[in-house]
1. Just report the Cα centroid separation between the stretch 172-198 and the stretch 220-251, whole Å.
2. In the neighborhood of residue 224, defined by Cβ-to-Cβ distances under 11 Å, what is the net charge if each Lys or Arg adds +1 and each Asp or Glu adds -1?
3. If you line up the long axis of helix 261-280 against the longest principal axis of the chain, both from Cα atoms, how many degrees apart are they, to the nearest 10?
4. Using alpha carbon coordinates only, what is the Rg to Rh ratio of the chain, with Rh defined as the Kirkwood radius?
5. Looking at 239, 79, 110, which one has the Cα that reaches farthest to the positive end of the dipole of the chain (charges on Cβ: Lys, Arg +1; Asp, Glu -1)?
6. On a 0 to 90 degree scale, rounded to 10, what angle separates helix 140-151 from the longest Cα axis of the chain?
7. Amide H of residue 164: which non-local residues (sequence gap of 5 or more, or other chain) have their own amide H closer than 5 Å, using H built in the peptide plane?
8. Rounded if a/c is under 1.5, else prolate if a/b is larger than b/c, else oblate: which is the stretch 30-115, with a ≥ b ≥ c the root eigenvalues of its Cα gyration tensor?
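What follows is calculated from the coordinates using simple rules that are stated; it is not laboratory data. Source: prediction; values computed, not measured. As a convention, Cβ positions derive from the backbone with ideal geometry for all residues, glycine included, and neighbour counts pool all protein chains shown.
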Amino acid sequence: MSAVRMDGKALSAKVRGSILAETEELKKQGVTPGLAVIIVGNDPASEIYVRNKERACEQCGFYSEKYALPEETTQEELLGLIAQLNESPAISGILCQMPVPKHISEQAVIDAIDPKKDVDAFHPVNVGKIMVGNFDFVPCTPAGVMELLDEYKIDPKGKECVVVGRSNIVGKPMSMLLLHRHGTVTICHSRTQDLAEVCRRADILVVAVGKAGFITPDMVKEGAVVIDVGINRNAEGKVCGDVAPEVMEKASYMTPVPGGAGPMTITMLMKNTLKAAKLQNG
Ligand code: GUN
């Protein structure tokens, strides 16, 4: 059996269409969602992500501002810009593309963004809200995974959910979202003993480790739902996920890379920006 491919590109287009429709309604009331994207330095991957975010803003009818700052920007200068954007009525959401250069503290940047404009949901206030289950913004990658599960009518309730990776951006919030939906959640990481054995328990396996082909068919239960959050390049330079393609033959549903979880991430950023605009004007 070959798994059903969970089409993040198609779902993304559908969700962006409904965001655009809602934005047009909002504009009639004089409110335009606005996103400020800051990029410091010239990391090529970050430049691609930022370009995709700008394009998504256009597709959703948003106003956007891009700040491309040089590598040598000081932390003080960056925090000054964020303070200015926190006060700007045209800006509903602020995103500083990570990573930032080493002389700038990532946490200081996250802490400086007004939690009401924190469309990444990285600020400790928003992280805390996710923990207690009362949140406005959901971190984009885990939010996209949940939308994919919902679209394919996969309910985590009562299921064994295994999340591989414990990052603040993906693994930890992903686990909380699955827990809020009544999944039985296990978080695995680099020190987990017998990772394959734990993964084989999963009805829903979410993988976010950043290693090409890390999950092999022997680590997957027959009929499992496999969500691949990895974006890597293999030896030939081709974009690939954390899950080996042969897992397709064992899973019941699986996200392809590219075209699965990836496109959903930016769409969820748009959803958070729309929500921020509504909250600030509601
Ligand atoms: N760098 C990689 N992923 C992300 C993300 O989701 N948000 C931000 N701000 N930077 C990133």
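1. About 18 Å separates the Cα centre of the stretch 172-198 from the one of the stretch 220-251.
2. Working: positive: 159, 200, 201, 221, 250; negative: 160, 203, 222.
Net charge around residue 224: +2.
3. Compared with the principal axis, the helix lies near 40 degrees.
4. On the way: Rg = 18.9 Å, Rh = 19.4 Å.
My calculation of the ratio gives 0.97.
5. 239
6. Helix 140-151 and the main axis of the chain meet at about 50 degrees.
7. HN-HN under 5 Å from residue 164: 188, 206, 207, 208.
8. Values: a/c = 2.37, a/b = 1.30, b/c = 1.82.
Judged from the Cα gyration tensor, the stretch 30-115 comes out oblate (a/c at least 1.5, b/c at or above a/b).
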